[in-house]
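S.K.: First the structure, which I've put down as structure tokens, then a few questions once you've had a look.
The values are calculated or read from the model by the stated rules, or taken from the named source; none is laboratory data. If you're wondering where the values come from, they're calculated on a predicted model, not measured in any experiment. Every residue, glycine among them, receives a Cβ derived from its backbone with ideal geometry; neighbour counts consider all protein chains shown. With ligands, DNA and RNA removed, areas are computed over all heavy atoms of the protein, side chains included. Shrake-Rupley method; radii C 1.70, N 1.55, O 1.52, S 1.80 Å.
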Amino acid sequence: MSKFYTPLRYPGGKQKLAPFIREVLAENDLTGGCYVEPYAGGSGVAIDLLITGEVSNIYLNDSCKGIYAFWRSVLRAPDDLCRRISRAVLTVNEWQRQREIFLHPSGHSLLELGFATFYLNRCNRSGILCGGLIGGLGQKGKWKMDARFTKKNLIARIEMIAEYSRFITVTNKDAVDYISHNIPKLPRKCLVYFDPPYYRKANRLYPNYYQESDHEDIANVIQKKVARRWLVSYDSCAEIARFYRGRRQFVYNLQYNAAIAYKGKELIIASDNLKLPGDSAVPSISTVLNAKTRRFLASRLSSVSASQSNRRSTASYLRI
């Protein structure tokens, strides 16, 4: 099981996908190149790939100013950020104060906003920034607000990431703007991983979420403007599959943790110029890829059998 390097909890966090992304990098001769996340969020995959040496540089972008402020603080002011975490007071009154900073950042520094974002992320249910406090305002639940605020461990994660700061670029742009102006300037040897807000129930999970038209617009922009190799992941639904019709897609099982843990289905879409591995160390993806391979081989055998019906030799089929 992969070690979790990111200090942020995030609804639908994808760090469990890191082994599959490694396989995609290797399959496309992209290992050692750069890795891009236009919807950074918790950046679990990106941080994992950088620290384990799979990529040389990561580029993180998020339109949420609080998320941007946190990552910028990790890179530019890690000591100050860690000091605030070490001295954090875990009370309902303090949670309310930090929530006000997050909701009304005007007049606050990026460090203050970054810490407020981190505070809510670690104290709210499932890390949902616009969600409720673990244990509730009365702190009467089984778990209290400090359940996920393990100061020593979180500080260690931030200090480790800060050591790689020269290999990390963080921006705060709208995704369309980032795609149009930043991605074309990146090295050719890179993989772009898009993890937009979920299509369903997104208003309960993210400060910045999309309407249906936004999802369709970003699908069009990705497919028309991104010349680099890319992957897109979503909660599986017919609407998103339709926006990317004609592209290679597969659905696999993923365990979410948003307020309650449950298993859902995740949709992966690949650019035409990206090779997909034939197998994966991620069991749920391996099952899908192996099934697709079997169906492909079966269809090839069936096709050849029909076109060469006058040749009955089993050996002739095995040479395909």
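S.K.: Using DSSP to define loop residues, name the trypsin sites (Lys or Arg not before Pro) in region 1-77 whose beta-carbon has at most 14 other beta-carbon atoms within 10 Å.
M.R.: 3
S.K.: How many Å² of accessible area per residue for region 6-104, probe 1.4 Å?
M.R.: Value for region 6-104: 36 Å² per residue.
S.K.: Can you pull the percent of region 80-149's accessible area that's carbon plus sulfur, 1.4 Å probe, other chains left in place?
M.R.: In region 80-149, the share of accessible area belonging to carbon and sulfur is 49 percent.
S.K.: How many nm separate the modelled label positions at residue 167 and residue 237, each set 7 Å beyond the Cα in the direction of the Cβ?
M.R.: 3.7
S.K.: Considering only DSSP states other than H, G, I, E and B, which GluC sites (Glu not before Pro) in region 22-96 qualify as loop sites with at most 12 other Cβ atoms within 10 Å?
M.R.: Of the GluC sites (Glu not before Pro), not one in the loops of region 22-96 has a Cβ with at most 12 other Cβ atoms within 10 Å.
S.K.: Another question about this same structure. Do the alpha carbons of any pairs in 3/225; 173/275; 16/152; 144/265; 3/152 sit beyond 27 Å of each other, and which pairs?
M.R.: Pairs exceeding 27 Å: 3/225; 173/275; 144/265.
S.K.: How large a share of the accessible area of region 1-78, in percent, is made up of carbon and sulfur atoms when the probe is 1.4 Å and the other protein chains stay in place?
M.R.: 47
S.K.: Nearest 0.05, what FRET efficiency do residue 273 and residue 177 give at R0 = 25 Å with Cβ-Cβ as r?
M.R.: 0.60
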